Amino acid sequence: MASKRRQDESNKTETKRKKKTCEETAELCSGVEDEQVKRAVREAWSRRTQYSQGDLELDCHPFPHCIIRNFLASETFVENLQRELLGLTFHEKSNDLYKFKQSDDLRKRTEPHIAGLRAALFGRFRSWLGEVLGVELEPTVDISCARYEYTDVLLCHDDELEGRRVAFILYLVPPWQSSDGGTLDLYSTDSNFQPQSVVKSLVPSLNTLVLFEVSPVSFHQVSEVWTEDKCRLSLSGWFHGPSLERPPRHIEAPVPRSPHLPRDETLLLEWVNPVYLDISYQEQVQEEFEDSSEIQLKDFLKEEKFREVSEALRLTQIQWTKRGPPNKRCYEVASLDTLPQCVSACWELLRSEAFFLLLSNFTGLRLHYLCPADDDDEDKDEEKVEKKDIADGEATGSSADSQSANTSREKELSTPECCGELRRWTHGDYTLLHDAEAARAEYALDLVLPFCGADWQSEFGGFTCYVANEEDEELLTVYPEDNSLALVYRDKETLKFVKHVNHKSSSDSDSSSTCRALYDFSFVYYE
């Protein structure tokens with residue numbers, strides 16, 4: 001029995017030895033192993049000063065980041081690591097913030113070079129980094145592989161998430177130039193800790209590690225990849241540890257709202273396709289809208305009016321201003337006092353009293369006092385709610401009655417309002433979902449009237465996506481189409497974004513440069 005036990009133990013030891021030997025050791029560059037360099041980097045980081053020694057460079061503008069070239073000592077190891085990574089399964093990732101392909105989490109992959117790099121990063125290198133920062137980093141393994149190809153992008157963000165202390169990227173790219181896109185862009189910030197503009201761009205380079213501390217000012221992006229024949233392969237992740245203190249988040253002032261302009265139906269007769277002024281047709285539109293909460297009304301403006309505005313939008317007299325900050329939006333808005341007369345008239349149309357009433361007829365929403373009121377239905381609904389509240393023990397006696405009365409008075413006193421913009425979208429423009437928008441979400445009717453030209457294609461981006469709050473699933477996508485009025489009614493749990501306008505929009509099939517732009521009137525109406 002003793003002999004059998006010794007044999008079993010020997011077999012277990014041999015199995016463990018085999019498991020260890022399948023992991024290739026990743027030797028790191030000499031700079032990381034040098035004690036003197038480590039002390040110098042630690043001092044420079046704490047003082048927020050520059051430092052450079054051999055392949056290692058520390059820069060603190062616009063926020064502290066470290067670049068280590070030739071991070072892995074063996075070229076053969078790098079080549080084998082690339083080969084293993086390219087053999088992984090990648091998944092398409094796309095939302096408001098990014099579009100690229102990503103592998104599954106690499107924490108349990110057993111390929112020899114992937115396993116060896118993981119052990120080196122979250123072992124020896126984690127210890128080195130912890131000593132440099134003067135903090136204890138956790139052994140949490142957080143690493144994946146990303147492939148960025150033509151038009152892929154990761155827009156402006158700060159990486160802040162509970163537990164993330166240091167972000168890292170290891171590039172495994174072919175020879176790369178800034179003209180290929182895919183740079184790591186670092187943003188400056190203002191006094192409210194909001195990103196302003198790109199002040200430094202790092203071009204990917206084979207076997208180069210870039211790392212930075214995750215902080216309230218660590219805003220960065222991966223610029224859009226423009227090359228069509230290269231793959232931007234990288235490993236990225238985070239070292240976890242105590243998060244840096246965050247100041248209160250800056251809250252933007254709400255967009256001003258206005259009641260309708262006192263304009264009568266003469267404006268509608270002048271501008272709107274007569275089909276949509278027919279009462280029976282309006283009833284059909286309302287029926288369809290009430291079924292799906294959205295509709296697109298094609299050829300909405302009279303053809304000659306649409307053509308006149310479309311041509312005027314391209315005149316140089318209009319002054320356009322870029323709207324930011326880039327962690328929330330990036331597009332241009334027109335200065336209203338510089339609009340040509342016909343464009344200004346179209347703007348007035350969408351804000352007019354007659355148009356509010358027309359929208360009421362299209363949607364059944366109370367955007368005008370002449371809109372028929374379903375008082376009986378509302379009374380029934382309120383009665384049901386009141387009964388449910390009492391049954392659930394959520395309201396009692398006079399306080400519930402008082403609250404119901406207040407709500408009723410607010411509905412009676414509320415005046416329909418709107419806010420709007422005339423926007424221009426060109427290559428690189430987008431909007432992003434953000435926490436403040438979710439906090440302010442309310443019931444509203446969105447209107448978009450595009451002027452995009454017949455050659456604008458959906459693959460260019462610039463379309464509007466509606467999503468459920470805190471969920472990835474897209475509920476609805478509205479693609480821009482010339483003279484097609486899009487109406488969407490959204491509730492408090494529905495958010496929207498405009499997809500990044502990509503490089504395809506700025507070049508033809510023969511790669512000759514063009515200046516495509518998408519214009520639209522964008523309004524939001526509130527009951």
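The values are calculated or read from the model by the stated rules, or taken from the named source; none is laboratory data. Predicted model, so just to flag it, every value in this text is computed and none were measured. With ideal geometry, Cβ positions are generated from the backbone for all residues, glycine too; neighbour counts draw on all protein chains shown. Remember, those area values only see protein heavy atoms, side chains included, never the ligands or the DNA or RNA. Shrake-Rupley method; radii C 1.70, N 1.55, O 1.52, S 1.80 Å.
Structure notes:
- Counting charges near residue 259 (Lys, Arg +1; Asp, Glu -1) among other residues having Cβ under 13 Å from its Cβ returns a value of 0.
- Normalised by 2.2 N^0.38 Å, where N is the number of residues, the alpha-carbon radius of gyration of segment 159-256 equals 1.25.
- Just the protein heavy atoms count here, and of the accessible area of segment 141-231 at 1.4 Å, carbon and sulfur take up 50 percent.
- Against the chain, whose longest principal axis is taken from its Cα atoms, helix 341-351 shows a tilt of about 90°.
- Cut-off under 5 Å, modelled amide H: who pairs with residue 93 long-range: 100, 101, 102
- Alpha-carbon centroids, segment 35-74 and segment 124-168: separation in whole Å: 16 Å
- Sequence-distant residues sharing a close amide H with residue 367 (under 5 Å, placed H): 360
- Residue order by solvent-accessible surface for 107, 47, 69, 423 is 47, 107, 69, 423, largest first, with ligands and nucleic acids left out and a 1.4 Å probe.
- Derived scalar couplings between HN and Hα for segment 75-80 equal 5, 5, 4, 4, 4, 5 Hz in order, rounded to whole Hz, by the Karplus curve 6.51 cos²θ - 1.76 cosθ + 1.60 (θ = phi - 60°), x for Gly and Pro.
- This model, with +1 at the C-beta of Lys and Arg and -1 at the C-beta of Asp and Glu, gives the chain a dipole about its Cα centre of some 3540 debye.
- Across segment 133-265, the relative contact order, built from alpha-carbon pairs under 8 Å that are at least six residues apart, equals 41 percent.
- Extension gain (nm, one decimal) between residue 322 and residue 162, 0.36 nm per residue minus Cα-Cα: 54.4 nm
- 5 angstrom amide H check on residue 224, placed H, neighbours 5+ away: 182
- Modelled spin labels at residue 190 and residue 281, positioned 7 Å past Cα toward Cβ, are 4.5 nm from each other.
- Measuring nothing but protein heavy atoms, the accessible surface of segment 249-335 at 1.4 Å probe radius is 49 percent carbon and sulfur.
- For the chain: relative contact order, % (alpha-carbon pairs under 8 angstrom, 6 or more apart): 13 percent
- Vicinal HN-Hα couplings computed from phi for segment 189-196 (Karplus, 6.51 cos²θ - 1.76 cosθ + 1.60; Hz; Gly/Pro x): 10, 9, 5, 9, 6, 9, x, 10
- Relative counts (whole %) of C-alpha pair distances in the chain, using bins that are 10 Å wide: 3, 15, 22, 20, 16, 12, 8, 3, 1, 0, 0
- Under 14 Å, Cβ to Cβ, from residue 94 - net charge with Lys/Arg +1 and Asp/Glu -1: -4
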